[in-house]
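Q: Take this structure, written in structure tokens, and hold onto it; I'll ask about it next.
The values are calculated or read from the model by the stated rules, or taken from the named source; none is laboratory data. Note that this is a predicted model, so its numbers are computed, not measured. Cβ coordinates were reconstructed from backbone atoms using ideal geometry, including for glycine residues, and neighbour counts include every protein chain displayed. Remember, those area values only see protein heavy atoms, side chains included, never the ligands or the DNA or RNA. Shrake-Rupley method; radii C 1.70, N 1.55, O 1.52, S 1.80 Å.
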Amino acid sequence: MSRPYPRPVRRAVLVAVACLPVMAGCKLVSQKTFNRHAGDPPNLPQRPPPPVPGMDRPALVTIVAGTPDTQWKPAVRAAVADALSRKPNALFTIVVSVPDRADGSVPDMQKVVDANGQPVLQAVMDAGAGGSQTEMDARSVPANSATQVCIYAE
């Protein structure tokens with residue numbers, strides 16, 4: 001008994017065997033062919049540090065240390081009264097910016113806060129803000145800046 005189509009099968013096998021070495025050097029086209037990072041897990045950016053309270057908006061009042069209180073007290077009274085008229089339970093944050101020392105050492109922040117921040121805090125409370133509506137903070141800034149007291153309202 002003879003097989004019905006022996007020659008085409010043989011030819012197909014011979015062609016396949018002849019093409020195998022040629023195709024072994026071929027590389028299949030995939031997404032990685034055009035973009036070597038395709039399929040990689042997403043590279044999410046690092047989470048940014050939490051924002052510093054009050055620094056994301058302009059200050060209600062900014063006072064440079066050494067300014068006489070007769071110049072800044074009326075502005076503080078007016079600003080606090082305006083803020084309380086808009087929002088009676090407003091929170092006032094007094095931020096004292098203390099410059100670093102030129103030699104790189106940390107300054108005595110408590111002294112600077114007592115000398116510059118306490119009078120401003122008292123002026124805010126005298127203008128109508130309660131003790132629970134005020135808070136004070138101190139931050140270090142580069143050495144080439146001046147000591148400032150900023151009032152923020154939330």
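Q: Want the number for ARG101 to VAL15: 0.36 nm per residue separation, take away the alpha-carbon distance, what's left?
A: Taking 0.36 nm per residue and subtracting the Cα distance, the gain is 22.6 nm.
Q: I would also like to ask the following. Using +1 at the Cβ of each Lys and Arg and -1 at the Cβ of each Asp and Glu in the chain, identify which of GLN31, THR134, SER85 lies farthest towards the dipole's positive end.
A: Of the listed residues, the answer is GLN31.
Q: Moving to a separate point now. When only Cα pairs under 8 Å and 6 or more residues apart are kept, what is the percent relative contact order across the stretch 70-146?
A: This gives 47 percent for the stretch 70-146.
Q: If contacts are Cα pairs under 8 angstrom and at least 6 residues apart, what is the relative contact order of the chain in percent?
A: Across the chain, relative contact order equals 31 percent.
Q: Give, in nm to one decimal, the length gained when the segment between MET136 and ARG47 is fully stretched (0.36 nm per residue of separation minus the Cα-Cα distance).
A: Stretched fully, the MET136-ARG47 segment lengthens by 29.3 nm.
Q: Antiparallel DSSP bridges in the chain: what percent, to the nearest 5?
A: Here the share of antiparallel DSSP bridges comes out near 55 percent.
Q: Something else: Count charges around VAL113 for me, please; just the other residues with Cβ under 14 Å from its Cβ, Lys/Arg as +1, Asp/Glu as -1.
A: Here the charged neighbours net out to -2.
Q: What does the charge dipole of the chain about its Cα centre add up to, to the nearest 20 debye, if the Cβ of each Lys and Arg holds +1 and the Cβ of each Asp and Glu holds -1?
A: In total the dipole reaches around 2140 debye.
Q: Can I ask one more? Rg and Dmax of the chain over Cα atoms: what are they, in angstrom?
A: Spelled out, the Cα radius of gyration and Dmax of the chain are 36.6, 121 Å.
Q: Okay, moving on. Where in the chain are the DSSP H helices whose alpha-carbon span along the long axis reaches 15 Å or more and whose Kyte-Doolittle mean is at least 0.5?
A: Long hydrophobic helices here: 6-24.
Q: Rounded to the nearest percent, how much of the accessible area of the chain (1.4 Å probe, protein heavy atoms only) is carbon and sulfur?
A: Carbon-and-sulfur percentage of accessible area, whole number: 59.
Q: Name the residue farthest towards the positive end of the dipole of the chain from the options VAL95, LEU20, ALA65, assuming +1 on Cβ of Lys and Arg, -1 on Cβ of Asp and Glu, about the Cα centre.
A: Of the listed residues, the answer is LEU20.
Q: As I understand it, the dipole of the chain uses +1 on the Cβ of Lys and Arg and -1 on the Cβ of Asp and Glu, about the Cα centre. Which of ALA143, VAL76, ASN43 lies farthest toward its positive end?
A: ASN43
Q: Still on this structure, I have one more. Viscosity 1.002 mPa s, temperature 20 °C: Stokes-Einstein D of the stretch 58-123 from its Kirkwood Cα radius, in µm² per second?
A: 160 µm²/s
Q: Amide H to amide H, which residues 5 or more places from ASP100 or on other chains are under 5 Å from it, using H placed in the peptide plane?
A: VAL141, ALA143
Q: Can I ask one more? Can you tell which of GLY131, GLY66, GLY39 shows the greatest fluctuation in a Gaussian network model of the chain with Cα springs below 10 Å?
A: GLY39
Q: For the chain, what is the accessible area per residue in Å² when the probe is 1.4 Å?
A: Dividing the accessible area of the chain by its residue count gives 74 Å².
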